[in-house]
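All remarks here apply to the structure that follows.
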Amino acid sequence: CVRRYTVDPSFGGREALAQARKALADRGARLVLDYVPNHVAPDHPWTTRHPERFVRGTQSDLGSDQAAWNAIGDNILARGRDPYFPPWPDVVQLDAFSPALRDATAGTLADISDQCDGIRCDMAMLLTNDVFSRTWGGRTGPAPSEEFWPTVIEALRRRHPETVLIAEAYWDLEWELQQQGFDFCYDKRLYDRLLAAEAGAVRAHLGADTGYQSRLLRFLENHDEPRAAERMSPELERAAAVAVATLPGATLWHEGQFEGRRARPPVFLARRPVEPLDQELASWYRSLVAAVATSGLRQGEWRLLDVSGWPDNQSCANLLAWSWSGTGADRFLVVVNLSGAPAQGQVEMVWPDLGARSWQFTDLLDGTGFEREGARLLSPGLYVALGPWKCHVLALR
């Protein structure tokens, strides 16, 4: 329920944010700010000055369903909602089909982009023509021929072509939002399948085109989801974190995730309970992130690999494997046992030049190593045996 996209004076205002952004840039980090396109707070200046930017109703609507409508000044304005849940009581619904709203949104995004390097757009799919029509059909004018986001983003790009745009996206609309101009979209489908420890479903999800996958944002928790430490066993969380850290696309690590926080306070609160922090888990997370970053593992070409078993042992179904081929001689192999039972299998190797040499494998997570002959790696593949929830993150030399 945002009233205005300005930095509160108690934080130092716009000038302080500029200083923070510079301090981040000096450390090689960029600043992403949050934007809610679907609704605003009831005391937003637009509600009285620009009612044409909102979904509007009548006194009859207000009388029959006060939970769905606000009386603000002389106007009856809809409370914000999505198509599957009751209205949210603390926000007012914007009209995605209104040309005035689209122009105003482009201006708001440009102003936010003046202050940061990227924007996360909350519930971005609610503004697509199809979803908005299903939610508000009959309450607004007809759907325009142009989609909301391409119209708004085109205007933004003329002023800020470098701004990174991230869509919080659900309902399998990630690809559509990518086509409409977003650089990255939340990968909720992967999150759900990792949480359920469904290796086959994860493998099927990772079979998508790599161009699409490289524009997904992977995560194990965020401010809308339960804490990973609350929903996952420690063993599953580590296996899932290895997957998230080594897949193509962007990666979201949530504040408090590394330390195993379990309480998830509402974003409205400026306080939270004191919790014991898991420093061992935090150290493990930092080692994982550092190993991936310093090794260059996520550079080059990514490929999902087949893992085969034997007639009397099909535990390979629980093994997920992929490779990275760097721009130079760097090669990496990741294998994750996404199950609570031991698993064995033969991992296919995708490098045809392995055969003439022996190869040293070093696990980036614990430094252990082993050697294999290239010919054996090509056929029948690399034999792996992993305990429950265990992983290999291997560099080949």
Cβ crowding within 10 Å averaged over residues, with 16-28, 112-124, 157-169 ranked highest first: 112-124, 157-169, 16-28
All other residues with a Cβ under 15 Å from the Cβ of G200 taken together, and with Lys, Arg as +1 and Asp, Glu as -1, what is their net charge? 0
Averaged over every viewing direction, what's the projected area of the C-alpha convex hull for segment 240-397? Give it in nm², one decimal, please. 11.1
Which entry in [x] 21.5; [y] 24.6; [z] 23.7 is this structure's computed Kirkwood radius over Cα pairs in Å? [z]
Can you pull the percent of Cα pairs in segment 251-307 with separation above 19 Å? 50
Over segment 1-146, consider all pairs of different Cα atoms and compute the Kirkwood hydrodynamic radius from their mean reciprocal separation; express it in Å, one decimal. 16.5
Treating only the Cβ of Lys, Arg, Asp and Glu as charged (+1, +1, -1, -1), what charge dipole size does the chain show about its Cα centre? Round to the nearest 20 debye. 460
Cα-only radius of gyration and Dmax that characterise segment 213-269, units Å: 11.7, 34
Mean Cβ-within-10 Å packing, highest first, puts peptides 217-229, 197-209, 303-315 in the order 217-229, 197-209, 303-315
Kirkwood hydrodynamic radius (C-alpha pairs) into Stokes-Einstein, segment 55-132, 20 °C and 1.002 mPa s, D in µm²/s: 152
Starting from the amide H of G57, placed 1.01 Å from N in the peptide plane, find each other amide H under 5 Å away whose residue is 5 or more places distant or on another chain. I76, L77, A78
Can you tell me, using C-alpha contacts under 8 Å and at least 6 residues apart, the relative contact order of segment 349-388 as a whole percent? 42
What is the spin-label model distance, in nm, from K22 to H223 if the labels are put 7 Å beyond Cα along the C-beta direction? 2.6
How charged is the neighbourhood of A155? Take every other residue with its Cβ under 11 Å from the Cβ of A155, and add Lys/Arg as +1 and Asp/Glu as -1. +2
Where the chain is the region considered: accessible area per residue in Å², 1.4 Å probe: 47
Farthest towards the positive end of the dipole of the chain, among Y285, P144, G28 and with Cβ unit charges of +1 on Lys and Arg and -1 on Asp and Glu, lies the Cα of G28
Describe numerically, in nm with one decimal, the distance between label points set 7 Å from Cα along Cα→Cβ at R286 and at E15. 3.5
Suppose we take every Cα in segment 76-190 and form the convex hull; what volume per residue is that in Å³? 120
Cα pair distances of segment 261-341 binned at 5 Å [whole percent]: 3, 11, 13, 13, 14, 13, 12, 10, 7, 3, 1, 0
Enumerate the whole-percent occupancy of each 5 Å bin, from 0 to the last occupied one, for all C-alpha pair distances of segment 123-177. 4, 17, 25, 23, 18, 9, 4, 0
Computed over segment 1-109, the relative contact order (Cα-Cα under 8 Å, seq sep at least six) in percent reads 25
As I understand it, the dipole of the chain uses +1 on the Cβ of Lys and Arg and -1 on the Cβ of Asp and Glu, about the Cα centre. Which of G374, T163, P388 lies farthest toward its positive end? T163
Carbon plus sulfur, as percent of the 1.4 Å-probe accessible area of the chain, comes to 51
In bins 10 Å wide, starting from 0, what share of all Cα pairs of segment 159-251 does each bin hold, as a percent? 16, 49, 28, 6, 1
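The values are calculated or read from the model by the stated rules, or taken from the named source; none is laboratory data. Given the structure is predicted, the values throughout are model-derived calculations rather than measurements. Counting neighbours? That spans all protein chains shown, and the Cβs are built from the backbone with ideal geometry, glycine included. Side chains included, ligands, DNA and RNA excluded: accessible areas come from the protein's heavy atoms. Shrake-Rupley method; radii C 1.70, N 1.55, O 1.52, S 1.80 Å.
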